[in-house]
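Chemist: Dropping the structure in here first, questions after.
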Amino acid sequence: MDEGQWFDLGDGARIRLRSRDSKEVRNAIRRATRPHQAAIRADRFPMEKMEAIMTDVMAGTIIVDWEGITEGGKPVAFSVDTARRFVTEFPEFRRIVDAFASDLAAFNQEQRQEGVEALKKSSAGK
């Protein structure tokens, strides 16, 4: 299982994230979108529902942990529910998480290779 990689947020805060291309994240997206594939393929799936799915994936799978995150000057312990709230209520936090999680160069070679292998498999199956 991919335990993610730590990213420095400054001021002593850091966050551990999985790559968007990790097996865990790809599987979470697949599971969440499976019931909606017909609508997604027909471009009839509402953007707000896709946004809600991605919020859940981000909070429950991409974000693994954090340290030094504060709110109102008080430390905030990591939980999936708190991560979901942060991703929903703080657009800049969401943007930062998405940028780090999408940056393949920031993840180790094994994770990059995993993404390449998955892409080859999906391309071969078309």
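Each reported figure results from applying straightforward, stated rules to the coordinates on display, with no laboratory input. Note that the structure is predicted; figures quoted are calculated from it, not measured. Cβ coordinates were reconstructed from backbone atoms using ideal geometry, including for glycine residues, and neighbour counts include every protein chain displayed.
Chemist: Read phi for every residue in region 22-37 and hand back ³J(HN,Hα) as whole Hz from Karplus 6.51 cos²θ - 1.76 cosθ + 1.60, θ = phi - 60°, with x for Gly and Pro.
Modeler: Listing the rounded values in order: 6, 4, 4, 5, 4, 5, 5, 5, 4, 4, 6, 9, 3, x, 10, 4 Hz.
Chemist: Right, next: Which net charge results when you count Lys and Arg as +1 and Asp and Glu as -1 among the other residues whose beta-carbon is under 15 Å from that of Val76?
Modeler: On the way: positive: Arg14, Arg16, Lys74, Arg84, Arg85; negative: Asp11, Asp65, Glu67, Glu71, Asp81, Glu89.
Charge balance in the 15 Å sphere: -1.
Chemist: Here's something else I'd like to know. Which part of region 34-61 falls in the paramagnetic zone of Asp103, meaning amide N under 20 Å from the point 7 Å along Cα-to-beta-carbon?
Modeler: Counting only backbone N, you get 58-59, 61.
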